[in-house]
Amino acid sequence: MKILIIGANGHIGKIITPILQQRHEIITAGRNSGDVSVDISSVASLENLFAQIGTVDAAVCAAGDSITSDLLSMTDEKYFTGVQQKLLAQINLVITGLKHISDNGSFTLISGKMGEHPTKGSSGKAVANGAVNSFVLAAALEMPRGVRINVISPSKITDIATEDLINGYLKSITTSANGGIIRIGYN
Ligand SMILES: NC(=O)c1ccc[n+]([C@@H]2O[C@H](COP(=O)([O-])OP(=O)(O)OC[C@H]3O[C@@H](n4cnc5c(N)ncnc54)[C@H](OP(=O)(O)O)[C@@H]3O)[C@@H](O)[C@H]2O)c1
């Protein structure tokens, strides 16, 4: 398969990319890292990315910022970081990417445990992650041409088994899973 990995140079990306590279053609992307440059918070940048790389069989996103701060210090701007950089960025990856993904291809987005099991200070992460999960549940109902979409929702990666994270990605990319919130390190 030809697989796009956005954020391949990050903590999660560095775990999954070498494994996927063993069996697939991988194109890595990031703002300042990877084979191709992209800022997923910009639709124009996403369109430019696909114009360069063409059709892919799978698009994986392991990127997206959100803000950690106690509730009384949160502001519109801090919430908007997660909305723009993690939620809308990944929604736009899917909307733009649908024009460039193969029949029966897949999208694998990223959320995180805080979307379902928040801790104090995590409301900025919780709203972004929860909304990404909700988007995937809804979007899976309308994917055309056999295309699938799932989201990986990990605990802190230092608390989880690397193998579980890798298996989560393999489930999303290589099985028939669709509309799944793939929880890693929690239930
Ligand atoms: N690490 C964890 O324990 C953990 C747990 C649960 C969920 N998550 C979620 O997983 C995602 C990745 O986490 P991480 O720890 O691997 O992050 P990270 O180490 O900061 O890596 C993020 C990667 O994404 C790229 N990136 C960031 N913003 C981008 C943008 N706007 N456009 C394109 N590329 C972008 C970065 O490369 P450039 O700098 O070159 O752009 C980098 O390669 C985040 O959404 C995080 O909330 C992480």
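With angles folded into 0 to 90 degrees, how steeply does helix 123-139 sit against the dominant principal axis of the chain? Use alpha carbons for both and round to 10. So the inclination is approximately 40 degrees.
For residue 31, nonlocal amide neighbours, meaning residues 5 or more places apart or on other chains whose placed amide H falls under 5 Å from its own, are 38.
A 30 angstrom limit on the alpha carbon distance is what I want to check against. Which of 99/120; 14/99; 78/171 exceed it? Among 99/120; 14/99; 78/171, the Cα-Cα distance tops 30 Å for 99/120; 78/171.
When peptides 5-18, 104-117, 36-49 are ranked by their average number of other Cβ atoms within 10 Å per residue, the highest-first order is 104-117, 5-18, 36-49. How far is helix 162-174 tilted off the main Cα axis of the chain, in degrees rounded to 10, range 0 to 90? For helix 162-174, the angle is close to 50 degrees.
Counting only residues at least eight positions apart within a chain, or on another chain, the aspartates and glutamates with an alpha carbon under 13 Å from that of residue 113 are 159.
Phi angles of the range 98-110 translate, via the Karplus equation with coefficients 6.51, -1.76, 1.60 and θ = phi - 60°, into HN-Hα couplings of 4, 6, 10, 9, 5, 4, 6, x, 8, 10, 10, 9, 10 Hz per residue; Gly and Pro are given as x. Remark on the range 54-154: Rg and Dmax equal 14.3, 46 Å (Cα only).
Here each label is just a point 7 Å from Cα along the line to Cβ, and for residue 73 and residue 43 those points are 3.5 nm apart.
Using every pair of distinct Cα positions in the chain, the Kirkwood expression returns a hydrodynamic radius of 16.3 angstrom. Considering only 90, 3, 167, and ranking their Cα positions along the charge dipole of the chain that arises from unit charges at the beta-carbon of Lys, Arg, Asp and Glu, the one farthest toward the positive end is 167. Here the scattering of the range 105-187 is modelled by Debye summation over its C-alpha atoms, one equal scatterer each and no solvent; at q = 0.16, 0.21, 0.24 Å⁻¹ the log10 of I(q)/I(0) is -0.57, -0.92, -1.11.
Calculated mean residue ellipticity, 222 nm, the chain: -11000 deg cm²/dmol, from DSSP H runs (n ≥ 4) at -39500 (n - 2.57) each, averaged per residue and rounded to 500.
Derived scalar couplings between HN and Hα for the range 67-75 equal 9, 9, 6, 5, 3, 6, 9, 6, 9 Hz in order, rounded to whole Hz, by the Karplus curve 6.51 cos²θ - 1.76 cosθ + 1.60 (θ = phi - 60°), x for Gly and Pro.
The numbers here are math on the coordinates, done by the rules we state, and not lab data. Computed from a prediction, not measured in an experiment: that's the story for all the values here. Virtual Cβ from ideal backbone geometry, glycine too; neighbours counted across all protein chains shown.
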